[in-house]
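Heads up: the structure comes next, in structure tokens.
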Amino acid sequence: MINFLSMRTYVRLLLLALITCGFVGCSKEKSIDSTDAGGPGILKMKVDGQQWVANKFASATIMNGFTSIMGSSNDGKDLIITLDTKSTGTYQLDQNSNHAAAYVDNNEAAPVSYTTNQGMNAGDAGGTVTITSIDEVSKKISGTFNFKMTRDIDGKSIMVTEGSFTNLTYTTELPPTGNNGNTLKVTIDGTDWTGKSVVGIFTSLTNSISIVASELDGSKGVGLTVPADIKAGTYPFSGITGTVMGQYNVGTTFYLGESGQLVITEHDTGTKTIKGTFNFDGKVPGGTATSKLTNGSFTVKYQ
């Protein structure tokens, strides 16, 4: 179920958050830079007046023109902020913005995220994020944020105040796949391509599994998102409304899979292994540019 996110948020979060080591999945073994809530390397905020600190992990990425701030707490709550920038400044988040934030409480019976771009009216959600400093020598980023977040599924809202990220270490390159056995290969517009970094991520935010392959600098990537309970079979790609979704990015241009098919040949939920093949015709949402992906195949263990 990914239709509660707008297409704009999906585009940003799938290949600009998941691709950058994952909202939660790739960062599970990371730790925050300090366990002292007042010290360096801290992501914190108040949610409806209650203090929250990302004491499980907190990290950031600046890649391919986008900045992502992400963190998780030991009590099962996650935050991600993705900004269409790599510079200091103040940025508006709302229903029409290229910037977005999402928060999810995994303790809920059916966790669904609050975001800054849901709601029908301008006052339903939105706010600002200010990046105050980016230290390119020590790879540290700091800033502040405040926003209202809502979710359309039940009309509930939360207020995020006194948000800050202080001296968070950021990365500019993804870790290579290494020896984890993950692979994704595909022919893109007639040229064979193999992902240098390939990850599989279960995301409670959407109750889905995302398979994301990328160049190490994030300049090119292919992503597939499927329901967490998907079984072996053949599934069509049909844009943002389909059961499965495909996406391809090169630079800051994103193509969404409008037609084609995904074949799941194996999904072992015990070992968290998923295998399959795919092909899709991608189109820039709202535009005319297209790209053709054929002969795709993947074998991925997800977290």
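The values are calculated or read from the model by the stated rules, or taken from the named source; none is laboratory data. Predicted model only: the values in this text are computed from it and were never measured. Every residue, glycine among them, receives a Cβ derived from its backbone with ideal geometry; neighbour counts consider all protein chains shown.
Counting only residues that are under 30 Å from Tyr170 (Cβ atoms), give me the strands (runs of 3 or more DSSP E) lying completely in region 208-303 with at least 3 of them.
It comes to 208-214, 220-227, 245-250, 253-268, 290-301.
Residues in region 187-197 that are surrounded by 15 or more Cβ atoms within 10 Å (Cβ to Cβ) and either in a loop (DSSP other than H, G, I, E, B) or not assigned by TED's automatic domain parsing to the domain that holds Gly296 (or both): how many?
Number satisfying all stated conditions: 2.
Scan region 25-36 and tell me whether some residue there is assigned by TED's automatic domain parsing to the domain that holds Thr161 and modelled with pLDDT of 90 or more.
no
Looking for something within 22 Å of Phe278 (Cα to Cα) and outside any strand (DSSP E or B) - is there at least one such residue anywhere in region 132-143?
The answer is no, given that none of the residues of region 132-143 is within 22 Å of Phe278 (Cα to Cα) and outside any strand (DSSP E or B).
Would you check which residues across region 256-294 are farther than 21 Å from Gly200 by Cα and free of Cβ contacts under 8 Å to residues at least 24 places away in the same chain and list them?
Hits for region 256-294 are Ser259, Gly286, Gly287, Thr288.
Looking at region 41-85 only, could you name the residues that are over 17 Å from the mean Cα position of the chain (by Cα) and closer than 18 Å to Ile134 by Cβ?
Across region 41-85, the qualifying residues are Gly41, Ile42, Leu43.
Restricted to region 208-219, and to residues that are surrounded by fewer than 21 Cβ atoms within 10 Å (Cβ to Cβ) and not polar (S, T, N, Q), which residue is modelled with the highest pLDDT?
Glu215
With respect to Asp105, determine if the residue is more than 22 Å from Asn167 (Cα to Cα), under 20 Å from the mean Cα position of the chain (by Cα) and charged (D, E, K, R).
Yes, satisfied.
Met149 passes all but one of (1) touching a helix residue (DSSP H, G or I) at 6+ places or on another chain (Cβ under 6 Å); (2) at pLDDT 90 or above; which number fails?
Of the numbered conditions (1) touching a helix residue (DSSP H, G or I) at 6+ places or on another chain (Cβ under 6 Å); (2) at pLDDT 90 or above, the odd one out for Met149 is (1).
Could you tell me how many of the residues in region 97-116 are closer than 27 Å to Thr172 by Cα and part of a loop (DSSP other than H, G, I, E, B)?
Total meeting the criteria: 5.
I'd like the full set of residues that are over 20 Å from the mean Cα position of the chain (by Cα), at pLDDT below 95 and surrounded by 14 or more Cβ atoms within 10 Å (Cβ to Cβ), limited to region 117-138.
Correct list: Gly119, Asp124.
Report, by residue number, each residue of region 128-185 that is hydroxyl-bearing (Ser, Thr, Tyr) and within 30 Å of Phe280 (Cα to Cα).
Correct list: Thr172, Thr177, Thr183.
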